[in-house]
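The values are calculated or read from the model by the stated rules, or taken from the named source; none is laboratory data. Small disclaimer: the values here were computed from a predicted structure and weren't measured. FYI the Cβ positions are ideal-geometry reconstructions off the backbone, even for glycines, and counts take in every protein chain you see. Ligands, DNA and RNA are excluded from the accessible area calculation, which covers all protein heavy atoms including side chains. Shrake-Rupley method; radii C 1.70, N 1.55, O 1.52, S 1.80 Å.
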Amino acid sequence: MSWILLIGAVVSEVGATLSLRVAADGRRAAYLLVVLGYVVAFTFLSGSLATGMPLGIAYGVWAAAGIVLTALLSRVLFREALTPTMLGGMGLIVAGVLLIELGGAH
């Protein structure tokens, strides 16, 4: 259950962050989606913690998945840059979170 809540947190946070980009481009009504998305994201994240997921793992996965998904979707939706160096950095972030999760299993 904690992983389902964490996935909900990631999806909500990414949606809120993408909405922030839309709102910053002049569609002020999108700020409502930003606030709602972040409230839902933190609610799901706290639910994940309440079901027993360690904070270091939950936050690491949430942050890494959010960074990667936001960068990939901003490339598709807003035609923002996504260079090989950026992709390499995302790979390092994911690898780091995996190492933290594997280290927490002991």
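Farthest towards the positive end of the charge dipole of the chain, among the residues Ser48, Leu20, Gly104, is the Cα of Leu20, using unit charges on the Cβ of Lys, Arg, Asp and Glu.
Phi angles of the range 26-41 translate, via the Karplus equation with coefficients 6.51, -1.76, 1.60 and θ = phi - 60°, into HN-Hα couplings of x, 8, 4, 4, 5, 4, 4, 5, 4, 5, 4, x, 6, 4, 5, 4 Hz per residue; Gly and Pro are given as x.
Rounded to the nearest 20, the Cβ-based charge dipole of the chain about its Cα centre (Lys and Arg +1, Asp and Glu -1) stands at 300 debye.
Spin-label model, Tyr31 to Leu98: label points 7 Å out along the Cα-to-beta-carbon direction sit 4.1 nm apart.
Here the simple spin-label model places points 7 Å from the Cα toward Cβ, and for Leu55 and Thr83 these points are separated by 3.6 nm. Taken per residue, the accessible surface of the range 1-81 reaches 58 Å², heavy atoms only and a 1.4 Å probe.
Helix 84-104 and the longest principal axis of the Cα set of the chain meet at an angle near 30°.
The range 31-101 gives an Rg/Rh value of 1.04, both radii derived from C-alpha positions and Rh following Kirkwood.
Database remark: amide H of Glu80 closer than 5 angstrom to the amide H of Arg75 (H placed geometrically; neighbours at sequence offset of 5 or more, or on other chains; Pro and chain starts carry no H). Packing around the peptides 79-89, 56-66, 6-16, taken as the average count of other Cβ atoms within 10 Å per residue, puts them in this order, highest first: 6-16, 56-66, 79-89.
Taken along the Cα-to-beta-carbon direction at a fixed 7 Å, the label points for Leu73 and Ser2 span 2.5 nm.
For the chain, find the longest principal axis of its Cα atoms and tell me its angle to the long axis of helix 55-78, 0 to 90°, nearest 10. Once rounded, one gets 30 degrees.
Contact order for the chain, expressed relative to its length and based on alpha carbon pairs under 8 Å spaced 6+ residues apart, stands at 30 percent.
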